[in-house]
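Derivation of every value follows stated rules applied to the coordinates shown; laboratory data play no part. Here the structure is a predicted model, which is why all the values come from computation and not from measurement. Here the Cβ is made from the backbone with ideal geometry for all residues, glycine too, and neighbour counts use every protein chain on show.
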Amino acid sequence: MAPKFGTSGLRGLVTELTDDLVAGYTRSFLAMCPVGSGLWVGRDLRDSSPRLAEVVIAAARGEGVAVTDCGAVPTPALAMASMAARAAAVMVTGSHIPADRNGLKFYVPGGEITKADEAAILAGLGRKAADLTAVRRSTFDLSGEWAARYRGAFGRCLDGMKVGVWAHSAVSREGLVACLEALGARVAVLGQSDVFVPVDTEAVPAEVRARFVDWAAGLDAIVSTDGDGDRPLVADATGRIVPGDVLGQITAALVGADTVVTTVSANTGVDLSGRIARVLRTRIGSPFVIAAMESAGGRVVGYEPNGGFLLGFEAQGPEGPLPRLMTRDSLLPIVAALIEAKRAGSLAARVAMEPGRFTVTDRLEGIAADASAALLARLGAGGLAAFLAPLGAVASVDRTDGLRATLQGGAIVHLRPSGNAPEFRVYAEAETFAAAEALMALAFAQVRDALA
């Protein structure tokens, strides 16, 4: 599959991300989108990322653009720093997908690019950027600044807590440890790897979940992120993983949001909580969330079921302000969950205070796009009710992104191809974890048999 824009950035097989292709997209981005004071470039820890970052840097310098090479750094830390410098940024990362794939995430000085920007980049392939000048920043510690953001707002809010950090190959691991220790937590580093580990925070494999249960003894929580650090992974003191959309609900309450923008795939607990004046739903992908947040204005936040959280206003912590950050971030929901766990006595107790709506997600890998499209077309043309009959009667269908069927009784099954990889995703929502897992098992078997 040729590299293309998905739900968040340009993605493709490493073998297809040639120097010419990467340089062409970089030049088009610089020509068609605002650059501000220059270009900041970061990368994750997969083996292919250093080469691709070098290509981006060389292409930008060839166009006369001043470049700040930030090295290995979490995506939200890069975005936060480049926005503060009024500069554009490119993050070389494949996020959570396997190491044989990689990609580019583009940021204008105001934040993550929109779908309109993506269209402009595609239209501008082959054009040249105008010469720009900027003052290069010679020394920096972006991970440290990322951590300092939360210390300034919340102080030593985690004194007395012991937290495990699953380090794996996340580029965010040092910043995450630094942040938690600055907030007062004692940190145990777990499972660091020199080999890239793809971590999808929406579909955590059974062997990882089992490892969390083994690690959890004596800890208040276990936390981690995906490879580039913009999606959180949080488990309670028993090792049970808290879904990303539940983290979003908890974080929205902590910062005092009155409007939440989330995707159609997120669970309905935020609607039932009674804390939020407005809930707006979009197609899946942070560009859609960002566009709706900008239209909504006010005390608005955004999140997705992967847990990545966007803060659309300046919030106030007990120690100081928490500035707006319009890019998907993992640290804020991690910190919020731990603060709320300390207040409630445990993270499990805090999660139990949320409405009883829980989502389980899984994916079939290696599914060609045409096979996914054919299945959705068949089900969308009238076959969905019969397809889901073993799970229950269909009460309504939302076609915002894929097919999201609400069953009689309130459970939900959502079928959707991935926008980033040859995968087919299945979501199940129910009133308890156990019910959602049981519904997922049935739905996943249906989809697997249909695509076999």
Check: Where in the chain are the DSSP H helices whose C-alpha atoms run 30 Å or more along the long axis and whose mean Kyte hydropathy is at least 0.0?
Finding: none
Next item on the list: Would you compute, from DSSP H runs of 4+ residues alone, the mean residue ellipticity of the chain at 222 nm, taking -39500 (n - 2.57) per run and dividing by the full residue count, rounded to the nearest 500?
Entry: -10500 deg cm²/dmol
Next item on the list: With a 10 Å radius around each residue's Cβ, average the other Cβ atoms per peptide and rank 103-113, 219-229, highest first.
Entry: 219-229, 103-113
Item checked: Counted charge near D398, where neighbours are those whose Cβ lies closer than 14 Å (Asp, Glu -1; Lys, Arg +1) -> +2
Item checked: Measure of compaction for the chain (Cα Rg per 2.2 N^0.38 Å) -> 0.94
Check: In the chain, with Lys and Arg counted as +1 and Asp and Glu as -1 at Cβ, which of these residues, I334, A119, G419, has the Cα nearest the positive end of the dipole, that is, farthest along it?
Finding: A119
